[in-house]
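Data block below; observations after.
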Amino acid sequence: MHHLSFRSILLASFLLITASLAAAVAGGWHGMETVVRAIQEDKQRALALSAAARQLRERSVNLERSARQYEVLGEPALARRFEATLAEALPALALLESAGPALTSAGAAWRACADRIAAWLASLAIPGPTDGVREQPMPATAAGRGDGLATADDFRHLGALADRLAAALDHHLGERDLALMDTLERERRAVALQILAALLLAGLLAALAGGWLLRPLGRMEQAIGELGENRLTRPIDIDGPADLRRLGERLDWLRLRLAELEADRGRVLRHVSHELKTPLASLREGVALLEDGVLGPLEPEQREVTAILAHSAHTLQTRIEQLLRLNASQFDARSLHLQPTALLPLLRKIGEEQRLPARARRVTIGLAGDAPIVHADAGKLHSVFSNLLANAIAFSPTGGHIRIELRRAGENVVIDCRDEGPGIAPDELERIFEPFYQGRRSPPSSAGGSGIGLAIVREFIGAHRGRVRALPSELGAHFRIELPHA
């Protein structure tokens, strides 16, 4: 699947999910349609069977009446009516017998009873001497003979047998309704299982496709963040669809290009700084000779000019040394001498080192909390906290208070440093870490800094795979450092 693009995989996932849901709906619809059709057919057959049972009951009454009337009156028309009524009843009986074994048994009993009555009626026909056949009633005693002809009970039982057929039909239809309800319930459960399975399959497909697509997107977001934080040592390898892998290759090319530019910038800084130091040293030596009067005494105006030259040369040398320190910090950040480091004693030591400048501004320093031992470069953390504390002292008002807090948060150690100075503008919270950038909010009493202290802080904390941020604060500046303690 690596040759497929992001869009094609997204479309394929959508089609697979749609197909699974459509298959579940189609299967459920087909099953329910089959059950509904079976119910409709069963209801139509039930109506036909009920009509046949009603017809057989009516014909049974007519057969019994015709037989009894023929027994009394001996009219041939009554015998013919009996035969016609029996012929009408037989199709209804056959339909009822086809419904099931119970109805077949009851139908056979009704048919045997009707046959005995018909045989009895046929036996009443007596041959005559002239016209060949003459019909006359059988004596009443003949109806009670046991020679296979009708008995007195047959006349009473014909209607009862029809009622028995109707009762058997009702029982049969009730069982059929229960069976259909069971079938409907089974089909309903099957449809529910199909829909549940389709939803699970769709969820699984969505999770697989989403995981396969979102993982490279997350890696890409992480890579862009690393590029923005100038962490250029880790190669960018994006796995997943073809177009995302191509984008990952372009990001890795950008990483290499940025690394080259960063290296070029460092080389330029080193060369320029080194080239400037030599003529600057000559300039300072010349100014010193003039100030010492080696070349002759100076007039007051000349001494004022040489003082300006000396101050400017000193300032220029300071700036060059700051450039060199920044470049050295970026190089040193790549090599760490890790060792177990206790942060609380380290911060106490730094606070003691900064005691004199803090006392000069009557600034108090509060240290609270504790944190576990971290594996870190103690020298670089010393530079980090020294820079933060020096900045806090420089920007604090006279009589201000600086508070440093340590705590553990999950897998990290968190160090918060707060002061009561002018703070940082919200739009400068990120830019304040850029080299040589100084915020707008500076108290008039603070001397202009170089603007590289916080840049060094970010370099060293980033080398420890930590994070430093300037957080919004209503009073003063609030810096937070997060270091992994494992």
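The values are calculated or read from the model by the stated rules, or taken from the named source; none is laboratory data. Model, not experiment: these values are computed from the prediction. Positions of Cβ are backbone-derived with ideal geometry, glycine not excepted, and every protein chain shown enters the neighbour counts. Remember, those area values only see protein heavy atoms, side chains included, never the ligands or the DNA or RNA. Shrake-Rupley method; radii C 1.70, N 1.55, O 1.52, S 1.80 Å.
For the stretch 395-419, give me the residue count where each residue is touching a His at 6+ places or on another chain (Cβ under 6 Å) and not hydrophobic (A, V, I, L, M, F, W, C).
Let us first name the residues in the stretch 395-419 that are touching a His at 6+ places or on another chain (Cβ under 6 Å), namely 413, 418.
In the following step, the residues that additionally are not hydrophobic (A, V, I, L, M, F, W, C) were identified as 418.
Going through the stretch 395-419 one residue at a time, the tally reaches 1.
One residue is enough: does the stretch 289-298 have a residue meeting the conditions in contact with a Pro (Cβ under 6 Å, 6 or more places away or on another chain) and either open to solvent by less than 40 Å² (accessible area, probe 1.4 Å) or in a loop (DSSP other than H, G, I, E, B) (or both)?
Going through the stretch 289-298, the residues in contact with a Pro (Cβ under 6 Å, 6 or more places away or on another chain) turn out to be none.
No, that holds for no residue.
Which of the residues spanning the stretch 190-249 are of a type in the set (Asp, Glu), outside any helix (DSSP H, G or I) and farther than 21 Å from Ala12 by Cα? Write out each step before concluding.
Just the residues of the stretch 190-249 that are of a type in the set (Asp, Glu), to begin with: 221, 226, 229, 237, 239, 243, 249.
Adding the requirement that they be outside any helix (DSSP H, G or I) leaves 229, 237, 239.
Result: Glu229, Asp237.
Can you tell which of Leu161, Leu196 is farther than 30 Å from Ala99 by Cα, modelled with pLDDT of 80 or more, surrounded by 11 or more Cβ atoms within 10 Å (Cβ to Cβ) and in the same structural domain as Glu64 (by the TED database)? Show your work before the answer.
Values: Leu161 fails: farther than 30 Å from Ala99 by Cα.
After applying the criteria, what remains is Leu196.
Please enumerate the residues belonging to the stretch 458-486 that are open to solvent by less than 20 Å² (accessible area, probe 1.4 Å), small (Gly, Ala, Ser) and not in a loop (DSSP other than H, G, I, E, B).
Ala470
Could you list, ordered by first residue, the pairs with Cβ atoms under 7 Å in which the first is in the stretch 16-39 and more than 15 Å from Met181 (Cβ to Cβ) and the second is open to solvent by 60 Å² or more (accessible area, probe 1.4 Å), at least 6 apart or interchain?
Cβ pairs passing all conditions: Ser20/Leu201; Ala24/Gln194; Ala24/Ile195; Gly27/Gln194; Gly28/Gln194; Gly28/Ile195.
Conditions first: (1) open to solvent by 20 Å² or more (accessible area, probe 1.4 Å); (2) at pLDDT below 85. Phe433 passes all but one, so which condition is the exception?
(1)
Looking only at residues that are acidic (Asp, Glu), free of Cβ contacts under 8 Å to residues at least 40 places away in the same chain and assigned to a helix (DSSP H, G or I) in the stretch 61-109, which one is most open to solvent (accessible area, probe 1.4 Å)?
Our first condition is that a residue be acidic (Asp, Glu); within the stretch 61-109, this holds for 64, 71, 75, 83, 88, 97.
In the following step, the residues that additionally are free of Cβ contacts under 8 Å to residues at least 40 places away in the same chain were identified as 75, 83, 88, 97.
From what's left, assigned to a helix (DSSP H, G or I): 83, 88, 97.
Numbers: Glu83: 121, Glu88: 91, Glu97: 38 Å².
Looking at the filtered set, the residue picked out is Glu83.
Determine which member of the set Arg403, Arg334 is of a type in the set (Lys, Arg) and at pLDDT 85 or above.
On the way: Arg334 fails: at pLDDT 85 or above.
Sole residue among the options that is of a type in the set (Lys, Arg) and at pLDDT 85 or above: Arg403.
Which residue out of Glu353, Glu321 is over 26 Å from Arg231 (Cα atoms) and at pLDDT below 90? Give the derivation first.
Values: Glu321 fails: over 26 Å from Arg231 (Cα atoms).
Result: Glu353 is the single residue among Glu353, Glu321 that is over 26 Å from Arg231 (Cα atoms) and at pLDDT below 90.
Here's a check for you: in the stretch 173-193, which residue that is within 37 Å of the chain's Cα centre (by Cα) and acidic (Asp, Glu) is surrounded by the fewest Cβ atoms within 10 Å (Cβ to Cβ)?
Step one: filter the stretch 173-193 for residues within 37 Å of the chain's Cα centre (by Cα), giving 183-193.
Those still in the list that are acidic (Asp, Glu) too: 185, 187.
Details: Glu185: 11, Glu187: 19.
Selected residue: Glu185.
Could you tell me which residue of the stretch 458-486 is farthest from the chain's Cα centre (by Cα), considering only residues that are within 16 Å of Gln339 (Cβ to Cβ) and of a type in the set (A, V, I, L, M, F, W, C)?
Phe460
Restricting the search to the stretch 40-60, which residues are of a type in the set (A, V, I, L, M, F, W, C) and either open to solvent by less than 40 Å² (accessible area, probe 1.4 Å) or under 18 Å from Gly159 (Cα atoms) (or both)?
Filtering the stretch 40-60 down to residues of a type in the set (A, V, I, L, M, F, W, C) leaves 46-49, 51-53, 56.
Answer for the stretch 40-60, where residues must be of a type in the set (A, V, I, L, M, F, W, C) and either open to solvent by less than 40 Å² (accessible area, probe 1.4 Å) or under 18 Å from Gly159 (Cα atoms) (or both): Ala46, Leu49, Ala51, Ala52, Ala53, Leu56.
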